[in-house]
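Here is the structure we will look at, set down as structure tokens.
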Amino acid sequence: HYGGVIFFDRNLESVAQTKKFANDIEAAANQKVPMFFAIDEEGGIVSRMRHEITPPPSQEEIGYGGNPADAFTYAKLTAQNLKDIGVNLNFAPVADVGTQDTRSFSYDAKIVADFVSSAAKGYEDAGLFYCLKHFPGIGRGTVDSHRDVSTIDASKDILAATDLLPFKKVIAEQDNSKFMIMVSHLKYSALDAENSASLSPAVMKILREDLGFNGVIITDDLEMGAVANHRTFREVGAAAIKAGADIALVCHEYPHETDIYLGILDAVERGEISENRIDESVRRILKMKLALKN
């Protein structure tokens, strides 16, 4: 059963076509609970369907303005535009500190935390699910995860005092069932020298236990070179769920989606992943989806 779809420009022609496309997919899925229809509409360089939807400014530009209320305003406007085309989940805001590609609000963690918190409230006020990314923060990365893995050598204490602050603030302030957190593919040597964050039980433990997040954890796209260059898709799918992810995100090729699914299924049948572990994730996902019906 299909639980969700992520839209890219290759799928989108117009507002009417996109809304019909989402409705047709949901009708074909014929499920008792709604599906997630997601998109990456961050603003700036990461915006979809520009010919139909005026994108918000980049987060860097909003941050330069110095007023967190602007993040609320743009998030609420974006949410309303996305709801008009049938989208119910935006993979934004970016909660990373100091990225070098205009996607971050600031190089100052406290400022990022304030702006991300304000954006989160804007999405919630408009009734759209959102997603903080990319835990535990990719601002220190030097290699594009689409190509290969980047290793971050910052200590756990430094990460806690900087990169984790925006995530910590929103987790503490907002209803955890109204947003997801996307985990990155970077390696954080002080947390787990072997695994990318998206495949790391140690990183997931920080999110669940240290920060107390009880909502849905989703991986970044598992087709990215940072993980796909180093393991098979069957291995990656099982590893993500074992680590603690609730959703394994695959954005492009259907054979890869199939391999991810079969890898998880094989691990369950071998007893490496318990049905209770699967049920934990199902409960979190259903709790979020049921809010769409209210």
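The values are calculated or read from the model by the stated rules, or taken from the named source; none is laboratory data. Note that the structure is predicted; figures quoted are calculated from it, not measured. Methodologically, a virtual Cβ is constructed for each residue, glycine included, from the backbone with ideal geometry; neighbour enumeration extends over all protein chains shown. When the accessible area is computed, the model is the full protein with side chains, heavy atoms only, and any ligands, DNA or RNA have been set aside. Shrake-Rupley method; radii C 1.70, N 1.55, O 1.52, S 1.80 Å.
Computing the accessible area with a 1.4 Å probe over protein heavy atoms, can you report the carbon and sulfur percentage for segment 202-281? Roughly 48 percent, rounded to a whole number.
Excluding same-chain neighbours fewer than eight residues apart, the lysines reachable from residue 187 by a Cα-Cα span under 29 Å are 110, 133, 156, 168, 169, 178, 205, 242. Using a Förster radius of 41 Å, what is the FRET efficiency between residue 232 and residue 64 based on their Cβ-Cβ separation? Nearest 0.05, please. Calculated transfer efficiency: 0.40. Sequence gap at least 6, Cα distance under 8 Å: using those rules, report the relative contact order of the chain to the nearest whole percent. Over the chain, the number comes to 14 percent. In the chain, taking the dipole from charged Cβ atoms about the Cα centre, the farthest positive-side position among 74, 23, 184 is held by 23. From largest to smallest, the equivalent ellipsoid semi-axes obtained for segment 1-137 from the alpha-carbon gyration tensor read 28, 15, 13 Å. Computed from backbone phi with θ = phi - 60° and the Karplus coefficients 6.51, -1.76 and 1.60, the 3J(HN,Hα) list for segment 212-221 is x, 6, 10, x, 7, 9, 10, 7, 5, 4 Hz; x is used for glycine and proline. For segment 88-135, the normalised intensity computed at q = 0.23, 0.32 Å⁻¹ comes to -0.77, -1.18 (log10 of I(q)/I(0), Debye sum over alpha carbons, equal scatterers, no solvent). Counting only Cα atoms, segment 18-62 measures 42, 20, 11 Å along its principal axes, largest extent leading. On the basis of the beta-carbon distance and an R0 of 25 Å, residue 73 and residue 11 show a calculated FRET efficiency of 0.35. Label points 7 Å out from Cα along the Cβ direction at residue 194 and residue 32: separation in nm? Simple spin-label model gives 4.0 nm for this pair.
Between residue 107 and residue 287, what is the FRET efficiency for a Förster distance of 25 Å, r being their Cβ-Cβ separation, to the nearest 0.05? In this case the efficiency is close to 0.10.
For the chain, the spread of Cα coordinates along the three principal axes comes to 52, 48, 33 Å, biggest extent given first.
Each residue, residue 266 and residue 158, gets one label point 7 Å from its Cα in the Cβ direction; the gap between the two is 3.9 nm.
D by Stokes-Einstein for segment 1-79, Kirkwood Rh over Cα pairs, 10 °C, 1.306 mPa s: 112 µm²/s.
Remark: the chain carries a charge dipole of roughly 680 debye about the Cα centre, counting +1 on each Lys and Arg Cβ and -1 on each Asp and Glu Cβ. Please identify every one of the trypsin sites (Lys or Arg not before Pro) in segment 70-152 that sits in a loop by DSSP and has no more than 14 other beta carbons within 10 Å of its own beta carbon. Sparse-neighbourhood loop trypsin sites (Lys or Arg not before Pro): 147.
With no solvent and one point per C-alpha, what does the Debye sum give as log10 I(q)/I(0) for segment 161-294 at q = 0.10, 0.11, 0.19, 0.20 Å⁻¹? Taken in order of the listed q values, log10 I(q)/I(0) reads -0.32, -0.39, -1.15, -1.25.
According to the Kirkwood expression over distinct Cα-Cα pairs, how big is the hydrodynamic radius of segment 68-148, in Å? When all Cα pairs of segment 68-148 are included, the Kirkwood radius is 13.0 Å.
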